[in-house]
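Participant: Structure in structure tokens, see below.
The values are calculated or read from the model by the stated rules, or taken from the named source; none is laboratory data. In this text the structure is predicted, and so the values were computed from the model without any measurement. Please note: Cβ atoms are built from the backbone with ideal geometry, for glycine as well, and neighbour counts cover all protein chains shown. For the accessible areas, the whole protein counts, side chains as well, though only heavy atoms, and no ligand, DNA or RNA atoms are used. Shrake-Rupley method; radii C 1.70, N 1.55, O 1.52, S 1.80 Å.
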Amino acid sequence: MSKMSKKEKRQLIRILIAGAIFGTALPLHWGGYVEGPLELIVFLVAYAIIGYDIIFKAARNISRGQVFDENFLMTVATIGAFFLGEYPEGVAVMLFYQVGELFQSYAVSKSRRSIAELMDIRPDYANVMRDGHMVQIDPEEVQVGDTIIVKPGERVPLDGIVTEGYSYLDTSALTGESAPREVEVGADVISGCINQTGRLEIQVKKEFGQSTVAKILELVEESSDKKSRSENFITKFARYYTPIVVFAALALAVLPPLVTGQAFPMWIQRALTFLVVSCPCALVISVPLSFFGGIGGASKTGVLVKGSNYLEALARTEVVVFDKTGTLTKGNFAVSEIHAHKIDEQEFLKLVAYAEDYSSHPIAVSIKKAYGKPVDTSRIDNIEEIAGHGVKATIDGKTVLAGNTRLMRREDIPHEETSDAGTVVHVAVDGEYAGYVRVEDEIKADAPRAIDELKAAGIRETVMLTGDADAIGKKVAAQLHLDKAYTELLPADKVERMEEMMAQRSERGQLAFVGDGINDAPVLARADVGIAMGGLGSDAAVEAADVVIMTDEPSKIATAMKISKKTLRIVWQNIWFALIVKGIVLVLSALGYASMWAAVFADVGVSVIAILNAIRALNVKKFESAELENRDVSNGTSRSTEEIAA
């Protein structure tokens, strides 16, 4: 009761009161103790309590020209039953119909609550320093460049970068991650997270309207506006189906008595039973409810789907195309190989790190990170940058050269030629070749598992599009066991390649593209399903995408597809179950073998079963458990790789 709305509670009270009257009067009616006017009054009171709102809605809709709906069918069928003297049947139809409506309302509320939980991420205020005092203002009033203060227990109101403090952030509402995220000075933070431990000062990078939390709320609010093909089909089906069955019932009530000379009441009773059975509630309610539940379930795992049409398209996807950098790889460099000649490997790495110390280039940063120790700048002299070649420096009195092949040739130093992928930094000490370091973009820890899970989920082909050199692209594709890789592509080339693949796809199959950068936006918009990676990804990519993965894990794409396939299975289970049961009982009612009680089951019973089945779309616990298990394995793999590199 505590989770029910006021409207649902009022409806439940009406059902209980009417049910008590009906339950008391029914055995008295069967025993012959309540007859005549008293019988009519007792059942009419129960009917009025439970059915007045349905009659009112039917009358209101008729006045607006909307005649053929479930309210009209229920009103005609139950009032007709009263005219035929079948008072218990008339009350029973309305009573059980309202029970079905209560189930529907509760199910919709439950699905809506799972999505509405995201709405709690909207911050109420932001702490800003003004004239030496901390004041609370509306997040929409904060400007880019302002510094906000987030105390433990408070929600981060805007996107920004930490300028002071250290803490852990609870990101579960955004990403579905249970483990808190560690942040320190220089770390990017997104709005909607909860600060758990320390005080943080954050410099604002985006206005509230452009912040992560604002975009998420906008996506959630718009998700119900985009209907799937199944929903559109059911809407059109109900639009034509309802008037057809009304006229069929009318023909059933009139034509047989006129042709055969049989009594009208018998055929009118069959026609009323036919009307009750034909109510399309089970379809009209359960299909959108199933998609709504699927979208809500996906949001629990950190996957935002912008509409049920995209959820359905995910379930039908056969080809997944990936961007490389930032999607399958981390987008930052790391040392993958160290080849030292005639020198200790650790000493060799130290010389390279010292030589590269002055530089902030990603390659230099990755080498210093691999070295992992502070650099004593007093031991470095005569630093000389050689444009397009590398660097020359004196370290502990030794002349160290670190750079590309052109640098070695320029200095006439024989060196080892390498043709493998990655960026190679050759090193020479006092004019003698000392070895090389290979630096590569790191593959994300769970990317291999993501590809395996996609193939296990029925994806026919995995493809990568990248602007990187052919050797690099093919190496990444081989490591991940991708089916195809297209390399050295400009943004326009990616769009062209995407259009070629879409022209070749099967009629029923869909094509999804996964990316995170600004240059991915045109391809995301062109694909059947565009998937943007990471809540911290490019705004343009998030805007163009149909699905947004809030974390940086490619494996969530497989999770989203599993949820979508489960949702679509539930949708079709409900459609076929409702059509088969209703079809059988419709035929039986027309032949006189189905009573009004059978009609109640065929309408209300089927609706309740379909609604309960639709609620299953919300249950994503098995997907969340699989994610946690996979993440533990991936983290273990990541640690092993780092240990090997060290």
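Participant: Among (1) open to solvent by 20 Å² or more (accessible area, probe 1.4 Å); (2) within 30 Å of HIS29 (Cα to Cα); (3) at pLDDT 80 or above, there is one condition LEU95 misses while meeting the rest; what is its number?
Facilitator: For LEU95, the exception is condition (1).
Participant: Follow-up. For the range 329-351, give me each residue that is of a type outside the set (A, V, I, L, M) and in a strand (DSSP E or B).
Facilitator: Step one: of the range 329-351, the residues of a type outside the set (A, V, I, L, M) are 329-333, 336-337, 339, 341-342, 344-348, 350.
Scanning the range 329-351 gives THR329, LYS330, GLY331, ASN332, PHE333, SER336, GLU337, HIS339.
Participant: Right, next: Looking only at the range 434-461, which residues are open to solvent by less than 30 Å² (accessible area, probe 1.4 Å) and of a type in the set (Gly, Ala, Ser)?
Facilitator: Scanning the range 434-461 gives ALA434, GLY435, ALA447, ALA450, ALA457.
Participant: Something else now. Where the second residue is outside any helix (DSSP H, G or I) and crowded, with 22+ Cβ neighbours inside 10 Å and the first is of a type in the set (Val, Ile, Thr) and lies in the range 46-62, which pairs have Cβ atoms under 7 Å and are six or more apart or on separate chains?
Facilitator: none
Participant: Of the residues in the range 309-328, how many are part of a strand (DSSP E or B) and either surrounded by fewer than 24 Cβ atoms within 10 Å (Cβ to Cβ) or among the aliphatic types (A, V, I, L, M) (or both)? Talk me through it step by step, then tell me what you get.
Facilitator: Restricting attention to the range 309-328, the residues satisfying the condition of being part of a strand (DSSP E or B) are 317-323, 325.
If we keep only those that are either surrounded by fewer than 24 Cβ atoms within 10 Å (Cβ to Cβ) or among the aliphatic types (A, V, I, L, M) (or both) as well, we get 318-321, 325.
Number satisfying all stated conditions: 5.
Participant: If a residue has to be part of a loop (DSSP other than H, G, I, E, B) and closer than 14 Å to PHE348 by Cβ to count, how many in the range 425-439 make the cut? Spell out how you get there, then give the answer.
Facilitator: We begin by selecting, within the range 425-439, every residue part of a loop (DSSP other than H, G, I, E, B); these are 430-431.
If we keep only those that are closer than 14 Å to PHE348 by Cβ as well, we get 430.
Matching residues across the range 425-439 total 1.
Participant: Restricting attention to the range 124-134, and to residues there that are modelled with pLDDT under 90 and either farther than 15 Å from GLY160 by Cβ or not aliphatic (A, V, I, L, M) (or both), which single residue is surrounded by the most Cβ atoms within 10 Å (Cβ to Cβ)?
Facilitator: Among residues in the range 124-134 that are modelled with pLDDT under 90 and either farther than 15 Å from GLY160 by Cβ or not aliphatic (A, V, I, L, M) (or both), the one surrounded by the most Cβ atoms within 10 Å (Cβ to Cβ) is TYR125.
Participant: Check ALA402, ALA364 and return the single one that is without any contact (Cβ under 8 Å) to a residue 24 or more places away in the chain and buried (at least 21 other Cβ atoms within 10 Å of the Cβ). Quick ask: steps written out before the conclusion?
Facilitator: On the way: ALA402 fails: without any contact (Cβ under 8 Å) to a residue 24 or more places away in the chain.
Exactly one of ALA402, ALA364 is without any contact (Cβ under 8 Å) to a residue 24 or more places away in the chain and buried (at least 21 other Cβ atoms within 10 Å of the Cβ), namely ALA364.
Participant: Residue check: is ALA355 of a type outside the set (Lys, Arg) and in contact with a Gly (Cβ under 9 Å, 6 or more places away or on another chain)? Outline the logic, then answer.
Facilitator: Values: of a type outside the set (Lys, Arg): yes; in contact with a Gly (Cβ under 9 Å, 6 or more places away or on another chain): yes.
Answer is yes for this residue.
Participant: To continue, here is another question. Looking only at the range 202-220, how many residues end up being at pLDDT below 80, part of a helix (DSSP H, G or I) and within 18 Å of TYR125 (Cβ to Cβ)? Even if it seems obvious, please write down each step before you answer.
Facilitator: Step one: filter the range 202-220 for residues at pLDDT below 80, giving 209-220.
When the remaining residues are screened for being part of a helix (DSSP H, G or I), the result is 209-210, 212-220.
Going one step further and asking which of them are within 18 Å of TYR125 (Cβ to Cβ), we end up with 209, 212-214, 217.
Matching residues across the range 202-220 total 5.
Participant: Determine which member of the set ILE148, ILE121 is out of contact with any Phe, Trp or Tyr (no Cβ under 7 Å at 6 or more places or on another chain), modelled with pLDDT of 70 or more and of a type in the set (A, V, I, L, M). Steps first, answer last, please.
Facilitator: Details: ILE121 fails: modelled with pLDDT of 70 or more.
Being out of contact with any Phe, Trp or Tyr (no Cβ under 7 Å at 6 or more places or on another chain), modelled with pLDDT of 70 or more and of a type in the set (A, V, I, L, M) holds for just one of ILE148, ILE121, which is ILE148.
Participant: Quick one: SER299 ticks every box in (1) under 26 Å from LYS444 (Cα atoms); (2) touching a strand residue (DSSP E or B) at 6+ places or on another chain (Cβ under 6 Å); (3) open to solvent by less than 30 Å² (accessible area, probe 1.4 Å) except a single one, so which number is it?
Facilitator: The one condition SER299 does not meet is (2).
Participant: Regarding the range 568-584, can at least one residue be identified that is in a loop (DSSP other than H, G, I, E, B) and in contact (Cβ under 8 Å) with a residue 12 or more places away in the chain?
Facilitator: Restricting attention to the range 568-584, the residues satisfying the condition of being in a loop (DSSP other than H, G, I, E, B) are none.
The answer is no, given that none of the residues of the range 568-584 is in a loop (DSSP other than H, G, I, E, B) and in contact (Cβ under 8 Å) with a residue 12 or more places away in the chain.
Participant: Within the set of pairs 6+ apart or on separate chains, which have a first residue in the range 434-462 that is at positive phi, a second that is polar (S, T, N, Q), and C-beta atoms under 9 Å apart?
Facilitator: Every condition considered, the pairs that remain are GLY458/THR317.
Participant: Quick one: VAL425 ticks every box in (1) surrounded by 14 or more Cβ atoms within 10 Å (Cβ to Cβ); (2) closer than 14 Å to VAL321 by Cα except a single one, so which number is it?
Facilitator: (2)
Participant: Quick one: count up the residues across the range 9-61 that are assigned to a helix (DSSP H, G or I), in contact with a helix residue (DSSP H, G or I) (Cβ under 7 Å, 6 or more places away or on another chain) and either modelled with pLDDT of 85 or more or not polar (S, T, N, Q) (or both).
Facilitator: Qualifying residue count for the region: 25.
Participant: Whether any residue in the range 576-587 is open to solvent by less than 10 Å² (accessible area, probe 1.4 Å), small (Gly, Ala, Ser), modelled with pLDDT under 90 and more than 21 Å from VAL287 (Cα to Cα) is what I want to check.
Facilitator: Checked against the condition, which is being open to solvent by less than 10 Å² (accessible area, probe 1.4 Å), small (Gly, Ala, Ser), modelled with pLDDT under 90 and more than 21 Å from VAL287 (Cα to Cα), the range 576-587 yields no hits at all.
Participant: While we're on this one: As an exercise: evaluate SER378 against (1) farther than 30 Å from MET550 by Cα; (2) touching a residue at least 40 places away in the same chain (Cβ under 8 Å) and give the number of the one condition it does not meet.
Facilitator: Going through the list (1) farther than 30 Å from MET550 by Cα; (2) touching a residue at least 40 places away in the same chain (Cβ under 8 Å), SER378 breaks only (2).
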